[in-house]
Structure formats: structure tokens, C-alpha cells
Amino acid sequence: MADEKDRQEIIVAEFHKKIKEAFEVFDHESNNTVDVREIGTIIRSLGCCPTEGELHDLIAEVEEEEPTGYIRFEKFLPVMTEMLLERRYRPIPEDVLLRAFEVLDSAKRGFLTKDELIKYMTEEGAPHSEMAALENLPRKGPLGKTM
Amino acid sequence: MGSGSSTRHHSAFQNAERTFKAAALIQRWYRRYVARLEMRRRCTWSIFQSIEYAGQQDQVKLHDFFSYLMDHFIPSSHNERLGEFLTRMFTEDRFAQDSEMEKCSDYESIEVPDSYTGPRLSFPLLPDHATALIEAFRLKQQLHARYVLNLLYETKKHLVQLPNINRVSTCYSEEITVCGDLHGQLDDLIFIFYKNGLPSPERSYVFNGDFVDRGKDSVEILMILFAFMLVYPKEFHLNRGNHEDHMVNLRYKYGFTKEVMNKYKIHGKEILRTLQDVFCWLPLATLIDEKVLILHGGVSDITDLELLDKIERNKIVSTMRCKTRQKSEKQMEEKGKANRKSSAQEPIPWFLPQSRSLPSSPLRLSSYKAHKTSRSSSIPCCGCLDGRELSRQVRSSVELELERCRQQAGLLVTGQKEEPSRSASEADSEAGELQKPTQEEWRQVVDILWRDPMAQEGCKANTIRGGGCYFGPDVTQQLLQKYNLQFLIRSHECKPEGYEFCHNRKVLTIFSASNYYEVGSNRGAYVKLGPALTPHIVQYQANKVTNTLTMRQRISRVEESALRALREKLFAHSSDLLSEFKKHDADKVGLITLSDWAAAVESVLHLGLPWRMLRSQLVNSSADNMLEYKSWLKNLAKEQLSHENIQSSLLETLYRNRSNLETIFRIIDSDHSGFISLDEFRQTWKLLSSQMNIDITDDCICDLARSIDFNKDGHIDINEFLEAFRLVEKSCLEGDTSECPQATNAKDSGCNSPGAC
């Protein structure tokens, strides 16, 4: 029992360090806060893959009572740790991703053109603005090739 | 397909739902992709920046150390030779300076051969000459030394007439363009002129310092800028940057000094001497319409524009170290020793143990904590100590320094104090000689050239750079209010977008060297001030290659470059890393956890980088989260071994300067006994090698010392010292490259030790 607890503590300690590192990359003023708009990037770079809706909920959890536009590390840490421990919002497995592309590729050509992809991304799914940046994506080759 | 209902409506609905889900899934994935790219981009940036600043810091330390020794131990006849030595250490080139500085350039005596096809200048310069220079340099021609010196001579004549603060009015020219750091990147300058237009009476320019160092065309940039300044004196303005400073130039391995010496083998030193003069005559700031203040670094809570207007700016030859006018120091120079008044509040060099420095002086000795007004640049050394006492202290200070090398680097700052300027009380016996600035004057200039803005209020020492302090939005506000200014334009810091506003848009950083760290690392920018002085920013990236790459490819390229630099740094600390790893491996299994790896690496390198994020790039996948550290270090070494490394080894450098070995010997022999103890030798060598990014284990140094001690009496005398280097020469000539200096973990003596070459 004690061993299990120790192990858990070690894991948590390691998570804490990881989260702190990622947070600090965006803490430009070195005062343990980051701009709320960067929270999504931090969470995703740590391996969690929430949807925009889920992300909004998370932000609501870590924001101040009166939103300041900044998120403090003290509030972020426990929420993020929990997310990692529970393995919430796991990234999508490759085969599922592949099938998603196949769904969009109704003509079964094995690829999507850039325009088609942009159209789907901007018109379907959840609303967002950064999908326009898909321009930067290299053209996807035959499905099955990882980017 | 859908099951159940056969209506088309229903299956169409299900189809749409599937599409929606698929798209949402892909969006989720894509967002993660972008987030990871962004994280990589930021980490890469941190790597570059932290390595750059840490490197500066190291070199400041080393420079301080030698300067201090120079001041206090070497009889004055050796000063010049040591100056040469220092120069060579940093430029790896022969650069014997005459002890007399020639005040005027005798360029007229330099013959220009008929075969010379480069641009020829005649004075007074015409706009066409300046334009021709640009074209010539674009075609990779080189300006002949005679014209270089002529131009510098004329430039200095012009600069001497200028005030410390250029005052510019927009009613004379229609537009003003302000450019930031160029750092020897000629492509960027050419691009700016191409895109924005050449300077003219209708088109004013202000170049905000740091024209040289790091890039490879610093000379050409200076020629162009000076030429336009002479042609359009009312419209073309230059501010001094912290790199317009021969001491700073020396510090860079790929710096300006080296560039000049390489391009001008015969007249290089004369050009550099003249430039030293020209640099210190550059104006300190430019003021537009009394509303917009442009200077290179930043401001402080004591920045006093009226004082700055009045000082003799050429007295501040270098912001790196400066002899300021102080009673005690003058006496020090005259007598070289003597215990003087304790009332003299002298700053203490960083490496002296604080407690033993001065007799009963009410100094604020908390310099090792970040203190509000402390300054981290190298401050002139203190003076009031007995020679022998100092000697003892320096020796123990070397020990202290080695200890400190292993711990968190403290501030570089020596004791901070506000000393009232003593200009009135000083009866200057230095008539005819360049008078030295007061402490306060020097500090004002250092602030302007070195400071960086920060988000928090107040002032804070800049331990990262090793020079200057940070200043907060309240400091900016105070200054703007005091002088009724609208905003501040400064440079000094590289920004990913080439510019950045801060302090409530009251401070604009403008940086004009694109791809500064690496191709694709950042944009450059310049700012045009329109009517009502509203800023209009133009960005660019002067490299066509980057435009054809995707964002991911661009980021990967820059990232790879950063990682390479980082691996080099790791390698340079191999032996320290090994001992740190061993601390985490109590059972001597040869394995440590990845978490311990991160902690160990940070405690050795002090770069403040997100090691866990970088881990996957630096460490190959390890079984169950454990790392075999010895083989990891070995792999690092394998990557690094190259001819270049060998050539830059400390031994090679010293060997090339063997005519100064006697001086080196005297430095190490701090108690003037005529012998160097193995200990002294070891300590000094360790310090030198750690600063020059060469890893030498303790064992290696001991071996080296022992092997030099031919008669095995535990001491090295000057003859043995010289003999060792004669042997080095002999074996190097024999091409025995297999044993050339490399830094690896030497297991037994004899393998790969630097002395074996």
C-alpha cells in the first residue's frame, strides 16, 4: 500500500514539473501567469486533446472569479494534473483519424484537396477561426501516410 | 449506413452527422498539431536566447577576471602585452598592438594598386558615391583599406561636431524611418533601402545601434551608414549601441574584430584602432520633435537627459569596463599598492570574497541578491588594498570561482553604490590625457545602451546578459512625463516578429536583423513615423528560402539548429554532467531516471530551459524511463568531434600566442614565487577552459600539470612551462592528430588529454 502511494507521489511530482515547464514557456512576464488564449496550446502540447467546447469549460474552471484575461499557475496546476492522471482527452488514435478522413473523402480517392479540407474544416465541425491557417499544411498524400 | 428508417431524409441526416463528427475529430487533431508546433517554436527561441546570453555572461566573467589581474598584478610594462594576449585569446589571431595609439590615420600614404576594381571614394562624398558603395558590396566587392580609413577619418571629424542627443524635426523631411540592430547582416540593410527607399533630404533615417558583430558584413554596413551620414548629415542619424565598443567586439568568436582582421590583413589593426575612436564619438540618442526618444537599450529611474546632453561622450570608450575618476584609483595607478582610506566606497569585483574585501567600509554587501538598483555590468575594480593581501585573495577567489562554477551563478555585479560624482574635487593631473568620466556619467550611458524593458514595475538586475538592468512601465512613465515625451523607441533585443510594443504601447522595440539566430528564426522590421508621429511597422525576412518552406519545415530547421547548439553546450560540460549524474546514481548502476536527468542538466548548465519538453529531442528512447548516462555522454562526444573543435581548443589558442607565455606564467604565479604550484595551474586552467566551452576533466588537468612538471618537484617553473609548449609545437607539426586535444572523459592518464598533443 505504501509503495503504491509512493509511486503515485512520484508520478504526480513528475507531472507537476512537466506542467510547470510548459506553463513557463508562455509566462512572458515571469510572474506565474499566462494569457488565457495560450491555455489551449499549453494543454494540447502536454498531450491532452480537448475540443473547443471542452476547452472553454476547462478555462472556466481555472479562471479567476472576475476574469482578468490571465490564468494563474496555482489554479491551473491542480486541474491539469487531474487531467493527466485521469488520462482525459486522449489524442485520437491514428486509425480513427484515418477513418475520419475517409468519411470526408466520399469519392474514395485516397486524398483530399487543400480546398476541400479547408471547406470541411471551416464549414463543418465546431466554429473556429484558426482553421484558415490550414493553408500551411502540406498537401496530404494518400491516406495512411502520417503527416 | 444508417439502419432502420428508409426515408432519404433520415439517412441524409445520418450522413451529415458523420461528416460533422469526422470534421470535428480532424479539427481536434489539427489543433493539437498546431499547439505542438507552437511549443516547439517557443522552446527553440528560448534555447537560442539563453545560450546567447549565457555566453555573454561567461565571457564577461572571464574578461573581468583577467582585467582585474591586469590592473593589480602585472607591472605596467606588461599591461600592453597582456592587452595583446587578451585580444588574441578572443580573436585567435595575431594582433600585436603598438603601445602608442596613433591619433591620426595616415591613410594618404596607402597606395591603391591599379588592379583594384572596387569602389573609389573621394571627399567630400557625393550621394552617388554612397549609392555606389551599396552596389559594390552587393556584388561582394571589398572597399580598399585606404578608402576605409579615409572614410573613418572623415566620419570622426563629422561626429565630433554632433551633440550627444541628435535633435530631429519632422518639418524638414517628410518621413522618418527608424531601424534597429543590424548585426552585420548586409542583406537586411540592402533590403530596407530597396523596399523603403534610399536616404535623401526627403527621407530621413535613424539607425539605432548594434551595426556590427555576429553577421559577416559588419564592415560593409559601417561603410554604407557612415557614407550616408556624411552625405546627408541633417537627415541621416546614428545612435551608438552596446556593440559599438571594441571590448564587446573582442568577445565574440565570430565577431567584428575577427572580420576586420580577416578582410584587412595588413591594415586591420589600424582600422580597428580608428574605429575605437569613431565608436565612442557616436551620439547616444536621437530625439524627434522633442516627442519621440530613440536610443539603443533603455532607460532607468535616474536617466537624466540634461546630464546626458552635457557629458563628454567620447570619454566612455567602452561600457565593458571603465576607469572612472576616483581618488583611490589614481593613487593605485601611481603606486600600485598601499592601503588607503576606508571611506572610499569602492565596488568589489564579483570574484572577491565579500567579507574580506575592504576594511570597514559601509558598503551594501548584499550584491548577490537581486537588488533594485544593482548593475551587473563589469564595474571598475576597487583599489584600496595591499598587494600581498590582494594576491592571497585572488588565489582564494579562484577557488571560490571554481566552487561557484558548480553552483548557481550569482550576480556578476560587484557592490552597488551610488557615488556622488567627484568631478569638482578632483584636481586632475591628467592634463592632456583623455579625462575619465565620473561614475555617474558612466552609469547613465551604460543604462541607455544596455537596459531591457520588463513587465513588472521597478528596476531589476539583468543577470542573464551580464550587463545593465531591466526597467518597468513605471520607469518609462516617469521618464516620459518628466520630459514630456510621447513614446520610446529602442532595440537591443531580438523579437520573433521584428518588433514588439510594451509598457502600454509606450515602448517600441525594433529589431532589423531578420533570421538572426538561424534562417527562419525571426523577422526583421523597421518603423516609419508618420504625421503626428504615429508608428507604422514594416516587417520582412531577407531570405528567399524560407518562403518556400511550410511552417513546419521552417520551424524544424530552426529547431534543429538550436538543438545542435544545445548539444554542443552539453558536450562542453561533459565532465560536470557526469559527476552530477553520478550523484543521482547512488547504487552505481549506470542508470538514472529521466527526471533526474532534467534536474542534473539544469543544475550544471543554468540555462533555465524546459528540459522535459526538450528531452525527446536530446535523449533517445530509453527503456522504462531510465537513462544510461555514460553512453549518452559518449554519443554526445561522437557528434561533436570534428577538426573545428580541435582547432579551437584552448591549448591551440595558447600555443599560437606562445610569445606571451611568460606573461601567462606570471598571471598564474600570483605570489610571484617564480613557480606555479600544480594547484594554481589546475585552478586557472579549469577556469579558462570552462569559459571557452572546452571540457577538460580534473584528471586531464592534473595529468597535464604533472606532465609539465619535468623534474617532479610538485611545481612548474617557467622553463618547464615553456618547454611544454615547445613540445606541443613539435608534436603538432608532426601531424599527430590522433592525440590532438579533445575533451572526453579520460579514464586513465594518457588518453586524449590535451597535453598529449
Open item on the list: Whether any residue in the range B:238-254 is in a helix (DSSP H, G or I), out of contact with any helix residue (DSSP H, G or I) (no Cβ under 7 Å at 6 or more places or on another chain) and touching a residue at least 24 places away in the same chain (Cβ under 8 Å) is what I want to check.
Closed with: yes
- [ ] Would you be able to say whether some residue in the range B:564-584 is open to solvent by less than 20 Å² (accessible area, probe 1.4 Å), under 22 Å from B:Y194 (Cα atoms) and not aliphatic (A, V, I, L, M)?
- [x] no
Task: The one condition in (1) in a loop (DSSP other than H, G, I, E, B); (2) open to solvent by 70 Å² or more (accessible area, probe 1.4 Å) that A:K5 fails to fulfil - done: (1)
Open item on the list: Among the numbered criteria (1) open to solvent by less than 60 Å² (accessible area, probe 1.4 Å); (2) more than 8 Å from chain B (Cβ to nearest Cβ), which one does A:H16 miss?
Closed with: (1)
Open item on the list: With the structure loaded, tell me whether B:T177 is crowded, with 19+ Cβ neighbours inside 10 Å, among the polar types (S, T, N, Q) and under 22 Å from B:F511 (Cα atoms) or whether it fails that test.
Closed with: yes
Task: Residue among A:K108, A:K114, A:K119 that is open to solvent by 60 Å² or more (accessible area, probe 1.4 Å), within 11 Å of chain B (Cβ to nearest Cβ) and over 25 Å from B:L609 (Cα atoms) - done: A:K119
- [ ] Pick out, from the range B:547-633, the helices (runs of 4 or more DSSP H) lying fully within it that include 1 or more residues that are basic (K, R).
- [x] B:551-572, B:574-584, B:611-618
- [ ] Consider A:F76 carefully, then state whether it is within 12 Å of chain B (Cβ to nearest Cβ) and either surrounded by fewer than 18 Cβ atoms within 10 Å (Cβ to Cβ) or more than 20 Å from B:L25 (Cα to Cα) (or both).
- [x] no
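For (1) modelled with pLDDT of 95 or more; (2) surrounded by 22 or more Cβ atoms within 10 Å (Cβ to Cβ); (3) in contact with a helix residue (DSSP H, G or I) (Cβ under 8 Å, 6 or more places away or on another chain), each residue gets a yes or a no:
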{"site": "B:R451", "(1), (2), (3)": "no, yes, no"}
{"site": "B:G458", "(1), (2), (3)": "no, no, yes"}
{"site": "B:R465", "(1), (2), (3)": "no, yes, yes"}
{"site": "B:P473", "(1), (2), (3)": "no, no, no"}
{"site": "B:I489", "(1), (2), (3)": "yes, yes, no"}
{"site": "B:E493", "(1), (2), (3)": "no, no, no"}
{"site": "B:N504", "(1), (2), (3)": "no, no, yes"}
{"site": "B:S521", "(1), (2), (3)": "no, yes, yes"}
{"site": "B:Y526", "(1), (2), (3)": "yes, yes, yes"}
Open item on the list: Is it the case, given these coordinates, that B:L143 is under 29 Å from the mean Cα position of the chain (by Cα), in a helix (DSSP H, G or I) and surrounded by 15 or more Cβ atoms within 10 Å (Cβ to Cβ)?
Closed with: no
Open item on the list: I'd like the full set of residues that are among the charged types (D, E, K, R) and at the interface with chain B (Cβ under 10 Å from one of its Cβ atoms), limited to the range A:28-44.
Closed with: A:E29, A:E38, A:R44
Task: Conditions (1) closer than 29 Å to B:R32 by Cβ; (2) open to solvent by 40 Å² or more (accessible area, probe 1.4 Å); number of the one not met by B:S631 - done: (1)
Task: Qualifying residue in the range B:609-629 (condition: of a type in the set (A, V, I, L, M, F, W, C), within 23 Å of the chain's Cα centre (by Cα) and modelled with pLDDT of 60 or more) - done: yes
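The values are calculated or read from the model by the stated rules, or taken from the named source; none is laboratory data. Nothing here was measured: the structure is a model prediction, and the numbers come from that model. Methodologically, a virtual Cβ is constructed for each residue, glycine included, from the backbone with ideal geometry; neighbour enumeration extends over all protein chains shown. SASA here: full protein model, heavy atoms, side chains in, ligands and nucleic acids out. Shrake-Rupley method; radii C 1.70, N 1.55, O 1.52, S 1.80 Å.
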